[in-house]
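Have a look at the structure below before the remarks.
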Amino acid sequence: MKTIIANWKMNVGVRESVALARGTLLALRGRRVIPEVVICPPFVALSEVHKVIAHSAVQIGAQNVFWEDHGAFTGEISARMLTELGVSHVIIGHSERRENLCETDEMAKKKVAQALANQMNVILCVGETAQERTAGTERERVRTQLAHALSDVRLKSHDRLLIAYEPVWAIGTGQTPDVPDVLAMHEFIRSVLSDVLPNMDASQLRVLYGGSVDGTNSYQFLREKTIDGLLVGAASVKLNQFKEIIDATSEVLDAQKSV
Ligand code: 13P
């Protein structure tokens, strides 16, 4: 299976989100095998987008969640509120939130716990900055992010957790790491996951790649067995690009099916 997650970020309003959701459904129509697709619109569009995808296989995710379930937390949104809207997934620890809102690994940890307690699926983002890569400390950084955010997690099912490896320097820059570098980092992530979640078979946990994925470069990542899918930003709000990514995914899945 391959999982394609569309992170629409703050790029679309309610009307555009509804149109994009409809277009995404059309892009999936008539395929032999369809990937798991999760679309993550801005909070304000969740409800309307949910109506569009309600009777389809497409799932809906939020781009953030707060770590308490209710109370005096102006502007925040709880996991319970999200599940009430039919939201099944949530992105936690995205580098744009770490950078712009000073989110820490401790906050990610509290959010992961809250999301899992509300039966949501967590998409935990990890990845190094350009400086960390230059300094050769990328593995240290990714280990710290994973170990901290998952330190109290007791997973019951491997479906509940997806890790997205998103090198910060690859997000929105048009630059991507070489595939062998992604594969090496994914292997490293799985080794950390087996330390941090000893009751889980790390080979069963999904590890995705994200950062400047588009219609032309998606296939090179998707064809790799240990890359379980993609977390797509800018190209997910351009329907022609997103359709090409879905095409590449279908090609890989069809090939796997006929083996
Ligand atoms: P881009 O695909 O725009 O580089 O963004 C990746 C990302 O941040 C997805 O969460």
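Give the residues of region 68-120 that are in contact with a Ser or Thr (Cβ under 8 Å, 6 or more places away or on another chain), open to solvent by less than 30 Å² (accessible area, probe 1.4 Å) and of a type in the set (D, E, K, R), sorted by residue number.
D105
Identify, from the list V44, V18, V38, the residue that is buried (at least 16 other Cβ atoms within 10 Å of the Cβ) and either assigned to a helix (DSSP H, G or I) or of a type in the set (D, E) (or both).
Only one candidate qualifies: V18.
Take the residues of region 206-239 that are crowded, with 19+ Cβ neighbours inside 10 Å, among the β-branched types (V, I, T) and more than 10 Å from the ligand (Cβ to nearest atom): which is farthest from the chain's Cα centre (by Cα)?
I227
I'm trying to understand the selection: among the residues of region 132-173, which are open to solvent by 70 Å² or more (accessible area, probe 1.4 Å), more than 26 Å from Q59 (Cβ to Cβ) and within 16 Å of the ligand (Cβ to nearest atom)?
Scanning region 132-173 gives a single hit, T173.
What is the residue count in region 218-259 for residues that are in contact with a helix residue (DSSP H, G or I) (Cβ under 6 Å, 6 or more places away or on another chain), part of a helix (DSSP H, G or I) and within 18 Å of V33 (Cβ to Cβ)?
Matching residues across region 218-259 total 10.
Just to verify a result, which residue in region 241-259, among those that are open to solvent by 70 Å² or more (accessible area, probe 1.4 Å) and away from the ligand (no atom under 15 Å from the Cβ), is nearest to E166 (Cα to Cα)?
K243
The values are calculated or read from the model by the stated rules, or taken from the named source; none is laboratory data. Source: prediction; values computed, not measured. As a convention, Cβ positions derive from the backbone with ideal geometry for all residues, glycine included, and neighbour counts pool all protein chains shown. Keep in mind that these areas ignore ligands, DNA and RNA; they rest on the heavy atoms of the full protein, side chains included. Shrake-Rupley method; radii C 1.70, N 1.55, O 1.52, S 1.80 Å.
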